[in-house]
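Shown next, in structure tokens, is the structure this report addresses.
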Amino acid sequence: MALFSSQITQATGKARSLLAERSVRTEIADAGRGIEQADHVIFFAEGPGQFYQLGVWLATFERLASQGLKVGVVLMDALSAREALAATSLPILFSRSIEQIETKLREWDTKSINYVNNAQRNFTMLRLNGPAHIHLNHGESEKASMVSNQLKAYDFACVAGPAAVERITENIARFDPKHLVQIGRPQLDELELPRPSEKIRVLYAPTWEGDSKAMAYSSVSTLGERILAQLTSDERFEVRFRPHPKTGDVSAEAKKAVTGLKSAYAQTLDPVGDAAQSMVWADVAICDTSAMAYDAVALNIPLLLSGDRPSKLLDGLPLGQHLGNANGLAQRVAELAASGVAGAQKQLAQYFFATTEPGVATKKLNQLLNGMPSWRPSAA
């Protein structure tokens with residue numbers, strides 16, 4: 001039933017996108033936001049339900065633009081294009097035609113095409129010879145999706161650090177590690193530090209249920225109520241609840257659970273758009289295996305990790321930072337906030353990230369893109 005509901009939602013979304021095409025093109029033109037020249041583009045073919053994957057990179061590419069790179073965003077869904085108009089100052093190309101997009105990229109002599117996921121239409125775009133095809137992904141984690149054989153299709157894959165290199169080379173047969181570039185997490189550069197607070201700030205940021213058993217890392221259905229009930233009933237804490245935007249897309253149980261939690265704990269719903277900015281707000285983070293957990297490590301936010309599935313992150317954290325069944329959670333969170341980041345967690349930051357120094361990750365990405373040569377044939 002959940003799968004059928006998901007298919008209806010997708011079909012409805014596609015219909016809405018088709019109806020919006022003409023008006024979105026007009027909005028781009030009237031705002032003067034079309035791309036005139038782009039040496040580097042982010043390619044995004046998905047609808048607004050996956051927009052968060054693109055959204056986490058927009059601020060980074062805005063910084064790259066401010067540093068002199070000519071960058072733009074290429075989208076194939078009208079509603080995503082409309083969302084991009086509101087979310088970024090970067091110039092935009094919207095088209096449902098791969099052929100039209102290829103023509104524009106050739107006109108611009110675009111040097112790199114950057115991908116934030118492994119969407120199916122990426123692999124149609126990959127047929128274009130010339131520009132470097134660079135996989136960025138949209139977060140660092142040990143989810144099964146992080147070791148997809150699809151990574152072989154790109155010229156380069158940007159990864160967070162040594163852990164990703166080890167994970168990929170150990171799990172993807174015949175993969176050439178020379179295609180991996182360690183850049184850290186540019187999304188964590190230039191975050192605003194929060195003001196001091198008398199209360200302990202706790203972020204509960206569970207992931208979604210995934211589309212298979214291998215991707216089922218979410219704690220929403222099993223622990224969400226227990227976590228939020230304990231923390232919100234204790235005046236020592238200020239709590240923010242940030243469920244993954246795709247929660248409930250596949251599982252009826254997860255959809256029911258997250259809908260109930262959003263209603264019962266509406267006052268805790270995270271008002272911040274930027275996931276990294278939400279994380280830096282927290283004194284303690286409670287996460288599942290997902291990019292949010294690894295960002296907590298990079299930002300030196302004390303982490304409680306849910307689940308018992310083996311991972312380098314779970315194995316490396318002190319036992320006291322394993323969430324378990326969340327019993328006695330309030331006191332555990334208070335003690336973790338008071339003790340600060342454990343040495344073991346700091347060592348994990350060095351393992352998972354090539355750099356955690358603010359600004360360096362963006363610099364590494366800039367250096368990679370600046371190194372991409374023109375592929376236009378020289379005049380004879």
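Across segment 343-377, what is the total count of residues that are open to solvent by less than 30 Å² (accessible area, probe 1.4 Å) and modelled with pLDDT under 95? Show your work before the answer.
From segment 343-377, those open to solvent by less than 30 Å² (accessible area, probe 1.4 Å) are 345, 348-349, 352-353, 355, 361-362, 365-366, 368-369, 372; that's our starting set.
Imposing the further condition that a residue be modelled with pLDDT under 95 reduces the set to 372.
Matching residues across segment 343-377 total 1.
Is it fair to say Thr124 is under 25 Å from Ala349 (Cα atoms) and not in a loop (DSSP other than H, G, I, E, B)?
Values: under 25 Å from Ala349 (Cα atoms): no; not in a loop (DSSP other than H, G, I, E, B): yes.
Here the answer is no, as Thr124 does not meet what is asked.
Using the structure shown, decide if Gly273 is at pLDDT below 95, of a type in the set (Gly, Ala, Ser) and either out of contact with any His (no Cβ under 8 Å at 6 or more places or on another chain) or closer than 14 Å to Arg201 by Cα (or both).
Numbers: at pLDDT below 95: yes; of a type in the set (Gly, Ala, Ser): yes; either out of contact with any His (no Cβ under 8 Å at 6 or more places or on another chain) or closer than 14 Å to Arg201 by Cα (or both): yes.
Against the criterion (at pLDDT below 95, of a type in the set (Gly, Ala, Ser) and either out of contact with any His (no Cβ under 8 Å at 6 or more places or on another chain) or closer than 14 Å to Arg201 by Cα (or both)), Gly273 qualifies.
For segment 135-163, which residues satisfy the criterion of being in a helix (DSSP H, G or I), under 14 Å from Leu180 (Cβ atoms) and under 15 Å from the mean Cα position of the chain (by Cα)?
Met146 - this is the single residue of segment 135-163 that is in a helix (DSSP H, G or I), under 14 Å from Leu180 (Cβ atoms) and under 15 Å from the mean Cα position of the chain (by Cα).
Pick from segment 106-155 the residues that are open to solvent by less than 50 Å² (accessible area, probe 1.4 Å) and among the aromatic types (Phe, Trp, Tyr): which of them is farthest from Cys287 (Cα to Cα)?
Here the residue is Trp108.
Could you count how many residues in segment 282-312 are surrounded by fewer than 22 Cβ atoms within 10 Å (Cβ to Cβ) and not in a loop (DSSP other than H, G, I, E, B)?
So the count comes out to 1.
Can you list residue pairs whose Cβ atoms sit under 9 Å apart, with the first residue in segment 341-370 being closer than 30 Å to Gln321 by Cα and touching a residue at least 12 places away in the same chain (Cβ under 8 Å) and the second being open to solvent by 30 Å² or more (accessible area, probe 1.4 Å) and of a type in the set (Gly, Ala, Ser)? Count only pairs 6 or more apart in sequence or on different chains.
Ala342/Gly320; Val360/Ala354; Ala361/Ala354
The values are calculated or read from the model by the stated rules, or taken from the named source; none is laboratory data. Every value quoted in this text rests on a predicted model; they were computed, and no experiment measured them. Note that each Cβ is placed from the backbone with ideal geometry, even for glycine, and that neighbours are counted across all protein chains shown. For the accessible areas, the whole protein counts, side chains as well, though only heavy atoms, and no ligand, DNA or RNA atoms are used. Shrake-Rupley method; radii C 1.70, N 1.55, O 1.52, S 1.80 Å.
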